[in-house]
Each structure stands twice: as structure tokens, then as C-alpha cells.
Amino acid sequence: MSKINKRADKNKKIPKVPFWKTKKVLIALIPVVVFIAIYFLYIKKSSNEPEWVKEGEVTFVSKDTRQKLAKIDVEVAINPTERSQGLMFRSKMKEDNGMIFIFEGDDMQSFWMKNTLISLDILFIDSKGVINTIHRNTVPYSERSLPSKSKSQFVVEVNGGYCDRHGIKEGDLIEYKLDQR
């Protein structure tokens, strides 16, 4: 390249893009980038969410009238792995769904809401089917201990507020039926 061409290259002015045009492009791209990020985060989150599977039914019965108060379809947590997972990482649950935790015998039980995304009512039930403790409208993600008042063999988790909506109280009973596993 000759000296003349080198000088000509140095003297060429690179056209500047007006700032307002660049800013408009960036502003227009921000919602697109945010949408894509939210979309992929949602896809990732929902793919990690356990799928709900009906494995039985729980019926709540009034201690006073012996009338059925409500009936739910349940998932069953019967082994230590299932019990430790519980309803963690669920972003929603149908109104008449829940989970029953079955332990080998009556013992003091305690639950928490760590990694639980939805508010629950947690019911502790003895081996005779009597509800001895209800923790209502629990706080999602809380690591606060939620213990039973007395020994329990079963724990049932339902959506927060379910017990109030159906008149379920301590002293009422449950009956349960499990599907074939």
C-alpha cells in the first residue's frame, strides 16, 4: 500500500451513528431479552416440578355428626425419600388434591415448609384416624418447625385454607384408601 493510500485511510471518517438511534435499538431489545430470560427460567422451573399422581383418597369426617366434610385425592409418601420430598417445589395444587404421609407408628412428628412454594394446611393424625393438630395457612419457604401436639402416625397436607373452607377441625377424623402402588 502506498503512503498516499495509508494517509487516505487515516483521513477517512467513520460515520457515527446518532446516539438516539442506538438508544432506541437498545430500548427495543430490552423487552425481548427479558421475555426470553423469563421464558427459559419458567421452562426450567416447570420441568423440575414433580408431576402430581393420584395414589389414594382421604375423607374428612366430622367427630360430632359423623358426616363427610370433604374428600381429596392424594399422593402417598410412605418411605423416607418420599416423606422428605413431600410437596416441595410444587408451584400449585388443585383444590381437592393433597398428600398423605404414612409413618410406621404413632410418634411425635414435625414438618417445615423449606422449598415449599405454596401455603398448606398440615394435619397431624393419630393411628386411630383422629386429627390432633392442624397448622393452618403455613408460610411458604419457612424453616420454622411445625410440630404435632401429640403422637401421630399420619400427616395430611392440603392447600392453605382448605380446613377453614370445609369446616375441618382438631378432633375430626380421617378415613383413607390407597390405590395399588
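Quick notes
- 22 Å Cα-Cα threshold exceeded, pairs from K71/K151; K54/K94; K54/K92: K71/K151
- Proxy reagent accessibility, fewest Cβ within 10 Å first, across R90, R165: R165, R90
- Least to most buried among Y176, Y162, Y141 (fewest other Cβ within 10 Å first): Y141, Y176, Y162
- Listed values for the range 91-105 are Karplus-derived 3J(HN,Hα) couplings in whole Hz (6.51 cos²θ - 1.76 cosθ + 1.60, θ = phi - 60°), namely 8, 6, 8, 4, 4, 9, 10, x, 9, 10, 9, 10, 9, 5, x, and x replaces Gly and Pro.
- Excluding same-chain neighbours fewer than eight residues apart, the aspartates and glutamates reachable from K68 by a Cα-Cα span under 19 Å are E57, E95, D96, D121, D126, E157, D164, E170, D172, E175.
- For G56, the residues whose amide H sits under 5 Å from its own are V74, D179, ignoring neighbours fewer than 5 places away on the same chain, with H placed 1.01 Å from N.
- Cα gyration tensor shape for the range 56-178, rounded if a/c is under 1.5, else prolate or oblate: rounded
- For the pair K151 and F89, label points projected 7 Å from Cα toward Cβ lie 3.5 nm apart.
- Nearest-0.05 FRET efficiency for T81 and E49, computed from C-beta distance (R0 22 Å): 0.80
- Label zone at R66 (point 7 Å along Cα-to-Cβ), backbone N below 16 Å, the range 140-173: 172-173
- Y141-R165 FRET efficiency (beta carbon distance; Förster radius 25 Å; 0.05 resolution): 0.60
- Summarising the label geometry, the points placed 7 Å from Cα in the beta-carbon direction at E104 and L178 lie 1.4 nm from one another.
None of the figures in this text is laboratory data; all of them are computed from the coordinates on show. In this text, all values refer to a predicted model and were calculated from it rather than measured experimentally. Reconstructed Cβ throughout: ideal geometry from the backbone, glycine too, with neighbour counts over all protein chains shown.
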